[in-house]
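Chemist: I have a structure here, written as structure tokens, and I will follow up with some questions on it.
The values are calculated or read from the model by the stated rules, or taken from the named source; none is laboratory data. Small disclaimer: the values here were computed from a predicted structure and weren't measured. Here the Cβ is made from the backbone with ideal geometry for all residues, glycine too, and neighbour counts use every protein chain on show. To get the accessible areas, we keep the full protein, side chains included, count just its heavy atoms, and leave off ligands, DNA and RNA. Shrake-Rupley method; radii C 1.70, N 1.55, O 1.52, S 1.80 Å.
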Amino acid sequence: MEKVREIVREGKRLAKEDPRRVVHSFKVGLVLALVSSFYYYQPLYDSFGVNAMWAVMTVVVVFEFSVGATIGKGFNRVAATLFAGALGIGAHHLASMSGATGEPILLAIFVFVQAALSTFVRFVPRVKARYDYSLLIFILTFALISVSGFREEQVLMLTHKRISTVIIGGLSCVLISIFVCPVWAGQDLHSLLASNLEKLSFFLLDFGDKYCEAVGNDDTKEVDKRKKDFDNYKSVLNSKSNEESLANFAKWEPGHGQFRFRHPWKQYLALGELIRQCAYRIHALNSYLNTDDTKVPVEIKNKLREPLKRMSLESGKAMKEMSMSLKKMTKPSSCDLHVQNARSACKSLTNLLNSGILKEVEPLELISLLTAISLLIDIINLTEKILESLHELASAAKFKDKTERPLSFEKTNAKSIVCGRPIKCHDDHVVTIIEDDGNNDDTSKNDNRSNEVTNHEKREDSNTHVHVKCLCDVVECR
């Protein structure tokens with residue numbers, strides 16, 4: 001009973017983790033029930049006979065979780081079955097010309113040569129990546145047709161029935177996969193890269209504070225919290241195989257949603273490679289954060305706190321912005337500013353190190369500190385490369401331009417919307433530039449728009465607010 005309960009708990013966890021798995025299970029059951037009618041329904045059984053079981057077998061081996069995987073497997077199976085069936089008929093015809101004695105010998109030779117050559121071709125990496133399944137079906141179909149054709153008089157009819165049932169089973173899988181709660185591999189790949197960028201941003205946004213603060217071994221709560229927060233990036237380290245398989249499946253998928261036909265999936269793999277390289281640096285950087293062998297003095301960390309914090313914080317903000325941009329499929333706009341700020345902080349840190357601040361630091365502590373700084377600089381360089389790769393992807397995939405929403409206010413008792421942006425000046429003055437997009441009821445017939453100036457003055461000592469309205473494009477604060 002305990003094992004049964006454990007299996008039930010595991011099943012609930014899997015269903016809660018991704019409800020699409022439950023839907024996929026029902027889809028497989030639906031297709032199998034439909035295809036089984038070829039065997040249960042007498043008129044269909046009279047047409048196909050026992051060959052109807054090939055449709056059931058096709059559904060079992062072809063129906064995959066995503067649309068791309070199902071189409072790819074279905075196409076490979078149908079193409080391999082057609083090609084192997086044609087060769088099998090040709091081999092049977094040539095073997096039958098040699099007489100009753102030579103026919104089985106020639107058939108055995110044909111099967112041996114075909115199986116040996118096809119198996120060797122499966123070892124080619126590029127072929128194995130996309131056509132391994134089709135070669136396996138090619139070997140199986142050729143052998144079955146060649147061998148069974150030796151005892152069957154109507155080889156052509158046998159081949160026709162088997163190919164027809166395979167096509168019917170494959171088409172059933174593809175149609176149900178596309179039109180009933182489809183799961184797109186391209187969408188999963190897109191979401192995976194956006195999630196990986198977000199995981200790296202979590203680490204970088206908190207690294208400056210975590211590295212510079214002093215946490216003792218007795219502070220178990222803080223240590224546990226740090227490990228929990230920083231372990232998110234580790235899933236990025238082993239994401240290569242998943243990304244490659246999703247990209248391979250996505251190439252088979254038709255255009256859907258914002259993903260056009262011939263979407264630049266190769267650029268996704270290039271972007272994913274750069275993200276993993278950044279994750280490797282972060283993993284090395286995290287080891288220096290948790291090591292107890294060479295602790296850098298707290299006073300040195302405090303002197304370097306500001307530039308280190310700015311470097312990691314700006315890199316984390318850039319990663320976060322890129323993640324949001326990738327999710328929404330918009331061109332990254334503010335990421336360049338964060339990268340420039342990180343570069344500026346890096347120059348400030350270099351100037352600080354050149355000032356001789358590390359003269360009294362022990363050699364082992366100096367090595368640990370400089371290694372961490374070097375890794376952080378590498379992360380900034382990779383962040384810039386990731387941004388360049390994302391720009392290329394946005395251009396190739398035709399991402400939309402990011403439009404920033406202006407600050408909006410709605411006037412009471414008026415049919416107009418006023419949009420403005422605040423500009424901060426010295427002496428705690430805030431000037432808000434306001435634009436009236438509509439007309440009041442009293443001025444709706446006038447062609448000239450009224451100009452208003454708004455000067456919003458706020459002081460800490462008093463609650464007085466002076467509100468002057470003006471429609472301007474540029475306000476100069478001095």
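Chemist: Using only alpha-carbon positions, what ratio does the radius of gyration of region 53-97 give when scaled by 2.2 N^0.38 Å?
Modeler: 1.50
Chemist: Probe radius 1.4 Å, ligands and nucleic acids ignored: give me the carbon and sulfur share of the accessible area of region 4-157 as a rounded percent.
Modeler: Here it works out to 71 percent.
Chemist: Restrict the search to region 255-286; then list the trypsin sites (Lys or Arg not before Pro) that DSSP places in a loop and that have at most 16 other Cβ atoms within 10 Å of their Cβ.
Modeler: Sparse-neighbourhood loop trypsin sites (Lys or Arg not before Pro): ARG260, ARG262.
Chemist: Here is a follow-up. Can you work out D for region 75-183 in µm² s⁻¹ from Stokes-Einstein, where Rh is the Kirkwood radius over C-alpha pairs, the temperature is 10 °C and the viscosity is 1.306 mPa s?
Modeler: 106 µm²/s
Chemist: Can you give the three extents of the C-alpha atoms in region 11-128 along their principal axes, from longest to shortest, in whole Å?
Modeler: Computed over region 11-128, the largest-to-smallest principal extents equal 62, 46, 21 Å.
Chemist: Sort TYR40, TYR133, TYR268, TYR45 by accessible area with a 1.4 Å probe, largest first.
Modeler: Descending accessible area places them as TYR40, TYR45, TYR133, TYR268.
Chemist: What do you reckon, how do ILE168, ILE137 stack up by accessible area (1.4 Å probe), largest on top?
Modeler: ILE168, ILE137
Chemist: If you don't mind, there's one more thing I want to ask. Could you work out how far apart the two model spin labels at MET157 and LEU44 are, taking each label as a point 7 Å from the Cα in the direction of the beta carbon, and quote it in nm?
Modeler: Modelled inter-label distance: 2.2 nm.
Chemist: If you split all Cα-Cα distances of region 238-366 into 5 Å bins from zero, what percentages do you get per bin, shortest first?
Modeler: 2, 8, 12, 16, 16, 13, 10, 8, 6, 4, 3, 2, 0
Chemist: When only DSSP loop residues count, what trypsin sites (Lys or Arg not before Pro) in region 308-404 have their Cβ near at most 11 other Cβ atoms within 10 Å?
Modeler: LYS359
Chemist: Could I ask something else about it? For ASN354 and LYS251, FRET efficiency with R0 = 41 Å and r from the beta-carbon atoms, rounded to 0.05?
Modeler: 0.20
Chemist: Could you tally up the Lys pairs in region 252-380 with alpha carbons closer than 25 Å? Skip any pair fewer than 8 positions apart unless they're on separate chains.
Modeler: Taking the Cα cut-off of 25 Å, the pair count is 27.
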